[in-house]
Amino acid sequence: MAISILGSTGSIGRQTLDILQSEHLAPGAPVLEVAALAAGASNLELLGKQIVDFEPELVAVPSDSDRESLRDILSDYFRSGKKTEILIGEEGLIACATHPAAKTVVTAVVGFLGVKPTLEAIKAGKTIALANKETMVAAGHLVNELAAKHGSKIVPVDSEHSAIYQSLEASILKAQAAGKSLEQAGEVEKLLLTGSGGPFRTWSEEAMARATVSDALKHPNWSMGAKITIDSATLMNKGLEVIEARWLFSIPAHKIEVVIHPQSILHSAVEFVDGSIVGQLGQPDMRLPIHFALYHPHRVPSARVPRLSLSELKDLTFEKPNFSRFPCLAMAQEVAAKDDSSACVLNAANEIAVDSFLKGKITFTDIARTIERTLSVHKPIKAPQLGDILEADRWAREKSVSLVAV
Ligand code: NDP
Ligand code: MG
C-alpha cells in the first residue's frame, strides 16, 4: 500500500515519515510505500533527503525556481537513474493528492492551502488522514457531502479527534449499519475535547497583552509548527477543533465541551447517554495518532510510538476554560453552531492575524480583535459551496489585512 503526504517537511509530515522508516517498523508491521510528497520552499534540502530515502514517483514544490533548486540538490539521485517527477504549484499539489498509487493522503499542509487538494483527494476516493484541520473548518459541509458521495474515508490525525474516533468507533459502525448519523443513533451525550490550555493558561489578561512571540511559541507539551503553536496559545486551536469535531462526527456544537487538561495525557473522551465516559490516553506525541490513521482500521505494533505507564503518572487535572481571557475560543464555539461561511471567515482572519503577530505587526491580544472585527462585518452564506468558500476566504483575508494595517 502507498500513501501521499502533503506538507512532508513540516512537523506532521516529518513524523509521518519517521513512522514509515523501515528500521522503525515493528516486526510484522506492513510496509507503506510513499507515492508522492509535496512541500513548500523553505526546506528543500530536507525534501531532497526525503526523496532519496523514500523514492516517491511524484513530488510537488511551489514554483519553477524551487523545482530547479531541488533538481540541483538531487543531481546525484537523478544521475544514478532514479525517476521522480517534479511538478509545481497548485496543480502539483493536487496531482500528489490524487496520485493513482496512493490509497491514503496525509494532509499536513497548514491553513486554507489544504482545501482544494483535500477536496480533490476525496473526489478520487482516497482515505484522508486529516491533519489539516483548517480544511474541515473552512469547508466541513462540503467535505462531508463529497466524502459521502465518493465513498472517501476520513480518519483524523489531530490527537483529540483521534481519541474521540477511537472512543466512538463502535457507535460509528452501529450508526452506519443502521443508516443513521451518530446524532440520530442517540448514544452520545457529549464529546469531551481536552486541551492543555497552552502557555498562557495561568497568565492574566494584562500579561497576555504584553506577551512576545517567543512567549507564545513556548508550548508546554507539544512541539508543532509555528501557526498551530500560536493557535494553541490563543486557544483558537481548541476552537478550530470544536468546528472540526462538529463536522467529523456530525454532532451539534452544543454537545462538544472543551475541558482544560494541562498534562495532555487524556487526549479526549466521549460521554455516552448512560453516563459512561470513554477516553483515550497516551503520551503527548503525534506519532501515536498519525500511526493510528496510517494503519486504520488495523491495530499495528509500533517501535516508534512512546509508551505510557499508568503507574508512573502523577496528577491528572481538569478545569473549565476561561472564555473571557481566551475570546478566540468563545468566537469559534459560537461559529461552530452555524452552517455558513462564518467558519471560513474566522479561519482566514485567524491565519492573517497569526501571521501578522509572528511578524511583529500586531500584539497577541490583537489577534482576537482582528478576527472579531472581520467576523462582525461578514454577511454569512448558508451551506457554502466551493465558490462561496473561496470568495469568503478571499474577502476575509483582504478585510483582515486592512484591519492589521491600521
Ligand atoms: P508546519 O508548518 O510544521 O508544516 C507545514 C508544511 O506545509 C511544511 O511541509 C511546509 O513546507 C508545507 N507547505 C507550505 N507551503 C506549501 C505549499 N505552497 N505547497 C505545499 N506544501 C507547503 O505545520 P504542522 O505540521 O505543525 O501542521 C500541519 C497541519 O496539521 C496544520 O493544519 C495543523 O493545524 C495540523 N496539526 C498539527 C499538529 C502538530 O503537532 N504539528 C497537531 C494537530 C494538527 P516548508 O515548511 O518546507 O516550506
Ligand atoms: Mg489537536
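THR202 - would you say it is of a type in the set (Val, Ile, Thr), over 26 Å from PHE326 (Cα atoms), out of contact with any helix residue (DSSP H, G or I) (no Cβ under 6 Å at 6 or more places or on another chain) and away from ligand 1 (no atom under 15 Å from the Cβ)? Steps first, please.
Working: of a type in the set (Val, Ile, Thr): yes; over 26 Å from PHE326 (Cα atoms): no; out of contact with any helix residue (DSSP H, G or I) (no Cβ under 6 Å at 6 or more places or on another chain): yes; away from ligand 1 (no atom under 15 Å from the Cβ): yes.
No.
Let me confirm something: among PRO380, PRO384, which residue is of a type outside the set (Phe, Trp, Tyr), closer than 23 Å to VAL109 by Cβ and outside any helix (DSSP H, G or I)?
Numbers: PRO380 fails: closer than 23 Å to VAL109 by Cβ.
Going through PRO380, PRO384 in turn, the sole match is PRO384.
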Q) Do we find that GLN184 is free of Cβ contacts under 8 Å to residues at least 12 places away in the same chain and closer than 14 Å to ILE251 by Cα in this structure? A) yes
Q: Please find, within segment 306-329, the residue that is surrounded by the most Cβ atoms within 10 Å (Cβ to Cβ) out of those that are under 23 Å from the mean Cα position of the chain (by Cα) and touching a residue at least 60 places away in the same chain (Cβ under 8 Å).
A: PHE326
Q. If only one of LEU130, LEU119, LEU191 is away from ligand 1 (no atom under 16 Å from the Cβ) and either touching a residue at least 24 places away in the same chain (Cβ under 8 Å) or of a type in the set (A, V, I, L, M, F, W, C) (or both), which one is it?
A. LEU191
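Within the bounds of segment 176-195, is there any residue that is closer than 23 Å to TRP222 by Cβ and away from ligand 2 (no atom under 11 Å from the Cβ)?
Among the residues of segment 176-195, at least one is closer than 23 Å to TRP222 by Cβ and away from ligand 2 (no atom under 11 Å from the Cβ), which makes the answer yes.
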Q. Quick one: LEU329 ticks every box in (1) more than 18 Å from ALA139 (Cα to Cα); (2) not assigned by TED's automatic domain parsing to the domain that holds ALA211 bar one, so which box is it?
A. (2)
Q.
Please verify whether THR118 is closer than 30 Å to SER196 by Cβ, away from ligand 2 (no atom under 16 Å from the Cβ), surrounded by 24 or more Cβ atoms within 10 Å (Cβ to Cβ) and not charged (D, E, K, R), treating the condition exactly as stated.
A. yes
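Restrict the check to segment 369-382 and report whether at least one residue is over 19 Å from GLY239 (Cβ atoms) and in contact (Cβ under 8 Å) with a residue 40 or more places away in the chain.
Filtering segment 369-382 for residues over 19 Å from GLY239 (Cβ atoms) gives 377, 379, 381-382.
This time we only want the ones that are in contact (Cβ under 8 Å) with a residue 40 or more places away in the chain, so: 381-382.
For segment 369-382, residues over 19 Å from GLY239 (Cβ atoms) and in contact (Cβ under 8 Å) with a residue 40 or more places away in the chain: present.
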Q. How many residues are touching a residue at least 40 places away in the same chain (Cβ under 8 Å), away from ligand 1 (no atom under 13 Å from the Cβ) and either of a type in the set (A, V, I, L, M, F, W, C) or touching an Asp or Glu at 6+ places or on another chain (Cβ under 6 Å) (or both) if we restrict to segment 28-57?
A. 3
Q: Please work out if VAL110 is within 16 Å of ligand 2 (Cβ to nearest atom), under 30 Å from ILE352 (Cα atoms) and at pLDDT 95 or above.
A: yes
Q. For TRP247, all conditions in the list (1) more than 13 Å from ligand 1 (Cβ to nearest atom); (2) over 26 Å from GLU145 (Cβ atoms); (3) at pLDDT 95 or above hold save one; what is the number of the exception?
A. (2)
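The values are calculated or read from the model by the stated rules, or taken from the named source; none is laboratory data. Just so we're clear, the structure is a prediction, and the values are computed from it rather than from any experiment. Here Cβ is always computed from backbone atoms with ideal geometry, including for glycine, and neighbour counts include all displayed protein chains.
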